[in-house]
Amino acid sequence: MPTLFNALINHPRVRAGRVDFSSIKVCFSGAAPLLAETRRRFEELTGGRIVEGYSLTEAMLACAVNPVEGPNKIGSVDMPLPDVEMRVVDPAGTRLPAGEVGEVLRRRALAAYRRPRLPGRRRLPVHRRPRVKDLIKTHGYQVWPREIEEVLASHPAVAEVGVAGVPDEARGELAKAWVVLRPGQQAGAEELRAFCRERLAPHKVPATVEFRAELPKSMVGKVLRRALTAEPEPAP
């Protein structure tokens, strides 16, 4: 899970160069979205490759997986496995063409191990978006938290980050970031917001940044955005 990769990257023995990762060739990541910066740091550190999979608990194991060899598109979980069918639909359930954003429907023939592939089917890359309920609606725009998280995670002082929408009377919602700094690193809220302004549209820049020693996570290491927004705001 991504939390494990982050823990390894930031472990004191690893940072001191006292761990040999030369035996690592391939690692599998699942349970939560893998930030591009976490992947870059880990692969640079070990020389290995992270293969990311995508699924749901009730769908059993991975439904789509990045290839071990060949091109690997950042932000994509690539191809559905041979026994998985996927389609992207709008809120009404109508199938959307390639390149459109919608919800993913998936079907897996768990009992049809030897079923031959039907003619005329294509396996298209899958680009995962966050769940619709995580969408931030601010200034009349729709903002995906993952986009802001990817930018903040690329800051050299940031170890972990979670972004979610918090209520605002004037704008409906504002983006807020919760940040865990890397050991021995320092950064202020305004520094991180300035970092975002250089890389994001103005309405996507987090209005506030709160620093934490750790972020609330599920049992599989996924950052719980709803737990962050449910906590009371710290006193000014």
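The values are calculated or read from the model by the stated rules, or taken from the named source; none is laboratory data. Every value quoted in this text rests on a predicted model; they were computed, and no experiment measured them. Glycine also receives a Cβ, built like all others from the backbone with ideal geometry; neighbour counts cover every protein chain displayed.
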Check: Which one of Ala170, Ala189 is at pLDDT below 85 and surrounded by fewer than 19 Cβ atoms within 10 Å (Cβ to Cβ)?
Finding: Ala170
Check: Residue check: is Glu160 within 20 Å of Leu228 (Cβ to Cβ), modelled with pLDDT under 95 and either not in a helix (DSSP H, G or I) or not hydrophobic (A, V, I, L, M, F, W, C) (or both)?
Finding: yes
Check: How many residues, within region 132-154, are under 16 Å from the mean Cα position of the chain (by Cα), of a type outside the set (A, V, I, L, M, F, W, C) and assigned to a loop (DSSP other than H, G, I, E, B)?
Finding: 1
Checklist line | Residue selected from region 15-52 under the condition outside any loop (DSSP other than H, G, I, E, B) and among the small types (Gly, Ala, Ser), by the criterion farthest from the chain's Cα centre (by Cα) | finding: Ser29
